[in-house]
Structure formats: C-alpha cells, structure tokens
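The structure appears right after this line, and notes come after that.
Bear in mind these aren't lab numbers, they're just calculated from the coordinates by the rules spelled out. Nothing here was measured: the structure is a model prediction, and the numbers come from that model. Using ideal geometry, Cβ is built from the backbone for each residue, glycine included, and neighbour counts are taken over all protein chains shown.
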Amino acid sequence: MNRNTKHATPPRSGVAGFSLIELMIVVAVIAVIASIGYPSYINSIVKTKRAAAEGCVSQYAGYMERFYTVNLRYDKDAAGADNPVVGATPALTLDCAGPQNSGADYQFQVAAPTASTYTVTATPLGAQLSRDTTCGALSIDQAGTKLPSTNGCW
C-alpha cells in the first residue's frame, strides 16, 4: 500500500462567474428599489427646503418685530426712512435669504407694511415651485398668522 496518495482537485469544467440571468435579476431588483426610493428622496428634499423657508420667514418676522420695538411702527424708522427689508428690491436682505441658503429656492418679500401691519411671504422658485404644489407660498403676518394653515405646511 502506498500512503503517499495525492489528493487532487477535480478539474474545472467551466469558467467561474455570474450568468446573464443572474445579472439581469440583480439589475431588475435595483431598478425596483430605485423607483420606490427616488420619489421619497425628492419629497424629503422639498420638505427640507420648505422648512428652511419657514425658518427664514420667521427670521424676517423677528426682524420686523425688532424694528417695531425701536421705531413703534413697521414701515418707517424714527427719521422717516423706509424699512430696509421692504419691497421687491430691498436695501437689506437677511442672510437666510441669500443664494447659499434658501434664497435660491424661495423669494422673500415684505410687501408694503403699514404702521401697524406687515406680511412676510416666501414664494417658491424653479424646481421647488413645480414640486411643492401642496403648500406653495408661505406667509406670516404681525399677529403670527401663518398661511397656508392646511396640509401641515407649517
């Protein structure tokens, strides 16, 4: 008896790898997962940008209240000069409304305040306008009334 027998591995009959059917199944599974996940991702982006706009509108409202505290009116200061955040092209833009923040997706405006009232509005622009059809423009006034008040926009 010869104890020095070699244990040889059986010869391979084919090439190792994945078949075309297996690869197609993997691609199909990835496509199904992506088709479910992409709308959810876009919805999250829309909500995040809306939340940033809500914060900016609140900052504008805070600015207006501080302006009122100093000048006892919303539209003009004690010297008679207009409030610098008022109008379509304001002299002062808050940092939150800059293009690096929410200014690329929303336009912020304090439209024609009176001595005792104001309304700050954030109007969606571009892709945000077409994607955020539920809420649209967000606004707040001197009494803290937030519009739209439905659909959980605020």
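Provide the convex hull volume over Cα atoms per residue for the chain, in Å³.
Values: hull volume 35.1 nm³, N = 154.
So the per-residue hull volume is 228 Å³.
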In sequence order, what are the phi-derived ³J(HN,Hα) couplings for region 32-48 according to the Karplus relation 6.51 cos²θ - 1.76 cosθ + 1.60 with θ = phi - 60°, rounded to whole Hz, with x for glycine and proline? 5, 4, 5, 5, 7, x, 4, x, 5, 4, 4, 4, 5, 5, 4, 5, 5
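With the Cα gyration tensor of region 24-85 giving a ≥ b ≥ c as the square roots of its eigenvalues, does the rule (a/c under 1.5 for rounded; else a/b larger than b/c for prolate; else oblate) give rounded, prolate or oblate?
Values: a/c = 10.38, a/b = 6.28, b/c = 1.65.
The shape class here is prolate.
Please work out the FRET efficiency for the pair A115 and Y38, using the Cβ-Cβ distance as r and a Förster radius of 41 Å; give the result to the nearest 0.05. Walk me through the intermediate numbers first.
Working: r = 50 Å, r/R0 = 1.21.
Between A115 and Y38 the formula returns 0.25.
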Expected unfolding gain across A81-D141 under the 0.36 nm per residue rule, minus the alpha-carbon gap, is 19.4 nm
With the chain treated as a Gaussian network of Cα nodes joined by springs under 10 Å, which of I42, I33, I21 yields the largest mean-square fluctuation? I21
Just to check I understand the Karplus step: with θ = phi - 60° and J = 6.51 cos²θ - 1.76 cosθ + 1.60, what whole-Hz values come out for region 73-86, glycine and proline as x? 6, 8, 8, 9, 8, 5, 8, x, 7, 5, 4, x, 9, 8
Amide hydrogen neighbours beyond the local backbone of Q142, cut-off 5 Å, H modeled: Y118
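Using a ≥ b ≥ c from the Cα gyration tensor of region 109-154 (square roots of the eigenvalues), is it rounded, prolate or oblate, where a/c under 1.5 gives rounded and otherwise the larger of a/b and b/c decides, a/b for prolate? Please list the in-between numbers first.
Details: a/c = 5.12, a/b = 1.69, b/c = 3.03.
Oblate shape, in that a/c is at least 1.5 and b/c is the bigger or equal ratio.
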Nearby aspartates and glutamates by direct alpha-carbon distance to K146 (threshold 20 angstrom, same-chain neighbours under 8 apart not counted): E54, E65, D105, D132
What does the charge add up to near L147, with Lys and Arg as +1, Asp and Glu as -1, over the other residues with Cβ less than 15 Å from its Cβ? -1
Starting from the Cα-Cα distance between N101 and F18, subtract it from 0.36 nm times their residue separation and give me the gain in nm to one decimal. 25.2 nm
Can you give me the C-alpha center-to-center distance between region 96-154 and region 67-92, rounded to a whole angstrom? 19
